[in-house]
Structures are given as structure tokens and as C-alpha cells.
Amino acid sequence: MQRPVPDQDVRQAFDFLDSDDLAVLQPELAEVRLAAGEALFRIGEVSTLVYVLVAGRLAVRKQTGFADKMQVVALLDPGAPVGEGAIFAGQVHEATVAAVEDSRLVSFPGKKLDAFRDRYPALAWKIINRLLFISHLRLRKGSERLARVL
């Protein structure tokens, strides 16, 4: 059953949107709660929901290539989007994401951005722009870490 999201969490997760945009988006949102150690999703699962971490901390783990070993490649703090590949149909998760501590997230179906694009293009652009900006920052940080290692 979908759990309604408290207004405060909606405003925190989507602080880049105005009240009119939030009014359109809020009915599509659900609250997700994870206990420490609980997985949000695992490698290979189909990606259908985009999440925004509201409280807690998440670990992103990827396979190392050595048997079944996993390595933490990122720790996510409140404000971080998670599972943003869900905006593209048919994507699967390339990492396992689990709560490091009890966590709260807001989720929305990635396919809703297509409907928003047609009906609320400015809102869809704001969300996609935010996801693209965060992806850009993550790629830059990853490139910087790789350059230091090489």
C-alpha cells in the first residue's frame, strides 16, 4: 500500500520546485522507510521508481569482479536522488543500494515524467534538469577520484 508523504518531506525532497509544481507532483509521491541494513533495490532489478533521500544515509554497492564481492562506491546523504535511471523505460539497477541507518525516502514512478512532459513541460524540465545536474556532479567526482588513483 502506498504511504502518503508528509508535506515537510515533499518540500525538502523537491526544494527546487514552487508550490504549484508541488501540488501537481504530490499525488504521485509515496513515502518509503528503510531500516538500517535493508536494501532499497539490488543489482539487476528493473528500475521503475526514482527516489529522493529525505533522512538517513544510503550505501551504493557495486560488484568488484572478484567472485561475489561488493564494494561501497558512494554514501548518499539527504537530498540525494537515487534510482534516477527509472526515467528511462526498461532500465535495470547497476548497483545495490541499502540503508546504512534508518532512512526515509520519497518515491515517484519514473514513467510519470513522460506524462508530465506532455501536460506540465516546465515541471518535467525542472525535475530532469535537477537529475542531470546531480548526475553531472557525481560523474565529475568519480572522474576526480579516478584521476587521483591513476
Quiz item: Any idea which of (1) in contact with a Gly (Cβ under 6 Å, 6 or more places away or on another chain); (2) surrounded by fewer than 19 Cβ atoms within 10 Å (Cβ to Cβ) is the one D77 doesn't satisfy?
Solution: (1)
Practice problem: Select from region 111-139 the residues that are surrounded by 10 or more Cβ atoms within 10 Å (Cβ to Cβ) and charged (D, E, K, R) and list them in ascending order. | Solution: K111, K112, D114, R117, R119, K126, R130, R138
Exercise. Starting from residues that are under 17 Å from P78 (Cα atoms) and aliphatic (A, V, I, L, M), keep the ones in region 30-48 and report whichever is surrounded by the fewest Cβ atoms within 10 Å (Cβ to Cβ).
Key: A35
Exercise. Search region 30-43 for residues that are over 23 Å from Q8 (Cβ atoms) and pair each with any residue that is of a type outside the set (A, V, I, L, M, F, W, C) and outside any strand (DSSP E or B) when their beta-carbon atoms are under 8 Å apart and the residues are at least 6 apart or on different chains.
Key: F41/S47; F41/G83; F41/H93; R42/H93; I43/H93; I43/E94
Quiz item: Can you name the residue in region 62-88 that is over 28 Å from D15 (Cβ atoms) and either of a type in the set (K, R) or part of a loop (DSSP other than H, G, I, E, B) (or both) and is also nearest to the chain's Cα centre (by Cα) among such residues?
Solution: K62
Self-check item: Residue match in region 94-110 (condition: part of a loop (DSSP other than H, G, I, E, B), touching a Lys or Arg at 6+ places or on another chain (Cβ under 7 Å) and surrounded by 13 or more Cβ atoms within 10 Å (Cβ to Cβ))
Solution: yes
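Laboratory data are not the source of any read-out in this text; all were calculated from the coordinates shown. None of these values were measured; they are calculated from a predicted model. A quick note on method: Cβ atoms are made from the backbone with ideal geometry, for glycine too, and the neighbour counts reach across all protein chains shown.
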